[in-house]
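The values are calculated or read from the model by the stated rules, or taken from the named source; none is laboratory data. The shown structure was predicted, so the numbers you read here are calculated from the model rather than taken from an experiment. Please note: Cβ atoms are built from the backbone with ideal geometry, for glycine as well, and neighbour counts cover all protein chains shown.
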Amino acid sequence: MLLALLLALSHVESAEVVIVAGSADHMEHVMQRAGVKFALITPDQLPSTPLRWQQILMVNCTGQMSPEARERVRRFVNAGGMLYTTDHAVHYLLEAIFPGKVRFNQKSSAEQIFPMQVKGDRGLVAKINDHGEPRWQLAGGGMLFDVLDPSVEILMRSREVAARYQTSGVLGVRFRHGDGQVVHVTGHFFTQPGQTREVAAAGRAFEQLSENVVREKQVDMPRVERLYSAEALKPAPMLAEPKDAAAPVTAPSGGTVSTATAKKVRVLRSEGGYVEIRDDQGNQGWVPAQSLQQ
């Protein structure tokens, strides 16, 4: 069991995309078709997974996971990582770690294809309109959601979904948290041989958005890179407060956190000979100022 875990996690550091396996979605198939290098892990492996802000984390529906795994995801996004989630994850993951952004509105969808209207960021929705009127497939038992925060950017919505379910009709959103960002859509699937033209068109829209997420992360990399400008000169344990006797910062998987594995860190503020930093895995705490080169 331990050997299998180590082998699985050894592929994570070199992967552009890390995908959390789910029971109702398979984004790994989309990435495989797009030729994107990815690592596939289970929700139970998340707390110990060395996610770094340079990566994209894709969480397949349902998004159910332990509190420790949710904390690992929160730190990853806070550090500058990009999170991409589908359907039930709005309730089981996003509501828990990003309260006040989006919320399951207690209305479940039937499996049906609807026309949709694309708006918002041109990078994330690029090419979705290239094959005529775009369509989107809602999943049977899918969780429709509402936007709670006006800073959340609506990428896709459907007037027809709004009329059918008496909701806002929002299908996809993007919002920022800390130094990172989150993209969420309702529905999940991919194109397969033998599908009808309408179903295949809806599948292409989902696949195109998924590929756009990868490109958007590449565009965003320089912005986050500039934030991580300090270098750890020597290993130093991260502390919860700026004083010698402070409690150590703990990792989601347990154990203490230090700057030993961080190549670059982000300086947040200084106080009394200490500096509050964030490492590339999203761990945050105080270290002596002399342990850094700024």
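State yes or no: is A21 farther than 20 Å from V173 by Cα, touching a helix residue (DSSP H, G or I) at 6+ places or on another chain (Cβ under 7 Å) and not assigned by TED's automatic domain parsing to the domain that holds V267? Give the derivation first.
Values: farther than 20 Å from V173 by Cα: yes; touching a helix residue (DSSP H, G or I) at 6+ places or on another chain (Cβ under 7 Å): no; not assigned by TED's automatic domain parsing to the domain that holds V267: yes.
For A21, the condition - farther than 20 Å from V173 by Cα, touching a helix residue (DSSP H, G or I) at 6+ places or on another chain (Cβ under 7 Å) and not assigned by TED's automatic domain parsing to the domain that holds V267 - is not met.
Within region 74-92, none of the residues are in contact with a Lys or Arg (Cβ under 8 Å, 6 or more places away or on another chain), over 30 Å from D280 (Cβ atoms) and either touching a residue at least 40 places away in the same chain (Cβ under 8 Å) or outside the structural domain of D25 (by TED's automatic domain parsing) (or both).
Here E231, E271 are screened, and the one residue that is surrounded by 13 or more Cβ atoms within 10 Å (Cβ to Cβ) and charged (D, E, K, R) is E231. Scanning region 254-294 for residues that are of a type in the set (S, T, Y) and modelled with pLDDT of 95 or more, we see that the one that is farthest from the chain's Cα centre (by Cα) is Y274.
Is one or more of the residues making up region 102-117 assigned by TED's automatic domain parsing to the domain that holds P50, of a type in the set (K, R) and either surrounded by 24 or more Cβ atoms within 10 Å (Cβ to Cβ) or assigned to a loop (DSSP other than H, G, I, E, B) (or both)? Please lay out each step first, then the result.
Of all residues in region 102-117, those assigned by TED's automatic domain parsing to the domain that holds P50 come to 102-117.
Still in the list and also of a type in the set (K, R): 103, 107.
When the remaining residues are screened for being either surrounded by 24 or more Cβ atoms within 10 Å (Cβ to Cβ) or assigned to a loop (DSSP other than H, G, I, E, B) (or both), the result is none.
No, region 102-117 contains no residue that is assigned by TED's automatic domain parsing to the domain that holds P50, of a type in the set (K, R) and either surrounded by 24 or more Cβ atoms within 10 Å (Cβ to Cβ) or assigned to a loop (DSSP other than H, G, I, E, B) (or both).
A count restricted to region 260-280 and to residues that are assigned to a strand (DSSP E or B), of a type outside the set (A, V, I, L, M) and under 15 Å from R226 (Cβ atoms) stands at 2.
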